[in-house]
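Following: one structure in structure tokens, then a few remarks.
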Amino acid sequence: MKPVCPFVKASRPEDAPPPSSRKHQKEAGADPASVSPKCPFGYDAPPDSGAISPKCPLGYDSQTFKLGPLSCMICQALLFDCAKCVPCSHVFCKACILRFKDCPLCGADIEGTEADSNLQSIVDRFIEGHGRIKRSHVENVDKEEVSAKETVIYEDVSLERGAFLVQQAMRAFRAQNVESAKSRLSVCAEDIRDQITRTGSTSELCSQLGAVLGMLGDCCRAIGDAASAVTYFEESVGFLEKLPADDMEITHTLSVSLNKIGDLKYYDGDLQAARSYYDRSLNVRQDAAKDSPDVPSQILDVAVSLAKVADVDRSLGNENNATQGFQEGIKLLESLTLKSEDIGLEQRRQSVLEFLKSQLVEKEPK
């Protein structure tokens, strides 16, 4: 199932195009030189909207936000733990540049690095400034002053900052700068918790926080902090379980978090706990498959969970249960019909089917 940004529902109606496409668009009929700088994350209010019109504190233009002096050219995310190369003075994230012997920008030999606290302070102010711009409700507004054609926006924009922070975290994580990703996600989670405190636990906020906590779990797992990873995944599950079970993306994320906890328990040698989490994931996926029997990815997910439960059963000495689980998974996949264009799903089906059959072959009497 294709990952979906947990903040897509937070966009305002007029923000229909995603940020990745909006940044390439230009205002029709407008002279670029005459367009005033706007916040890169859409915090600018429409003219005469009756709302406070905040501006980006550092003068960034929302239509042209690109890599710049506040970005690391290696991970392409905002700088984190800035390190200046000696002697060329080019600046990168410390975790990124430590993997190089020569400067990626100029090719000069790197004799050492120095912390650049001044630049890091600017980056931190940049994030903080965008996170603290609010559009507060204006009380006692004369109704006659606001026409029906005007859009009045009285909303907190922290969720839009959340989308930006998640984007930066994903860039850093892909570049193996896990500490940077973890830092951005932690700020994002704090924002959403504050929002929940102010407005209550809505389905949208629980979905967003559950997704972010799952990402934090991935960060901790990547750096070998299994205990913290389990804590984040369990908290993620706690929020996702509060949501309606008819959303396929939410149920998929929930089942994946349960499986990840099971994996960590399995590697830690706690097989009973691992089986418990795998079984919970299996139940979530089986319920989802019943609600959406025509969705092939749901059937594949069930087969994967059956394989995980069966594998633990075998390790626990429950061979009959294990064999039954492997056979059930094989039956599901062999009866699954895919369209010719579902190449990725077919490859996944073949891979899982091959694994399940290999587990039965291993136990056949010689």
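Does any residue in the stretch 265-278 that is touching a residue at least 24 places away in the same chain (Cβ under 8 Å) come within less than 8 Å, Cβ to Cβ, of a residue that is part of a loop (DSSP other than H, G, I, E, B) six or more places away or on a different chain, and which pairs are these?
Here the result reads 271/316; 272/316; 275/316, each pair linking the stretch 265-278 to a residue that is part of a loop (DSSP other than H, G, I, E, B).
Looking only at residues in the stretch 208-267 that are among the β-branched types (Val, Ile, Thr) and surrounded by fewer than 17 Cβ atoms within 10 Å (Cβ to Cβ), which one is modelled with the lowest pLDDT? So that I can check it myself, show each step before the final result.
Let us first name the residues in the stretch 208-267 that are among the β-branched types (Val, Ile, Thr), namely 212, 223, 230-231, 237, 250-251, 253, 256, 261.
Next cut, surrounded by fewer than 17 Cβ atoms within 10 Å (Cβ to Cβ) only: 223, 231.
Values: 223: 93, 231: 96.
Within the stretch 208-267, the match that is modelled with the lowest pLDDT is 223.
It is to be established whether one or more residues within the stretch 339-350 are in contact (Cβ under 8 Å) with a residue 40 or more places away in the chain, among the charged types (D, E, K, R), within 21 Å of residue 286 (Cβ to Cβ) and open to solvent by less than 40 Å² (accessible area, probe 1.4 Å).
Yes, the stretch 339-350 contains a residue that is in contact (Cβ under 8 Å) with a residue 40 or more places away in the chain, among the charged types (D, E, K, R), within 21 Å of residue 286 (Cβ to Cβ) and open to solvent by less than 40 Å² (accessible area, probe 1.4 Å).
Consider only pairs whose beta carbons are under 7 Å apart and that are at least six residues apart or on different chains; among these, list those whose first residue lies in the stretch 307-324 and is open to solvent by less than 60 Å² (accessible area, probe 1.4 Å) and whose second residue is polar (S, T, N, Q) and part of a helix (DSSP H, G or I).
308/259; 313/321
Would you check if there is a residue in the stretch 330-344 being in a helix (DSSP H, G or I), touching a Ser or Thr at 6+ places or on another chain (Cβ under 7 Å) and modelled with pLDDT under 90?
no
Kindly provide the set of residues from the stretch 268-306 that are of a type in the set (Ser, Thr, Tyr) and surrounded by fewer than 23 Cβ atoms within 10 Å (Cβ to Cβ), ordered by number.
Across the stretch 268-306, the qualifying residues are 276, 292, 297.
The values are calculated or read from the model by the stated rules, or taken from the named source; none is laboratory data. For clarity, every value in this text was computed on a predicted model and none was experimentally measured. Glycine gets a Cβ as well: all are built from the backbone with ideal geometry, and neighbour counts include every protein chain shown. Surface areas here come from the heavy atoms of the whole protein model, side chains and all, with no ligands, DNA or RNA. Shrake-Rupley method; radii C 1.70, N 1.55, O 1.52, S 1.80 Å.
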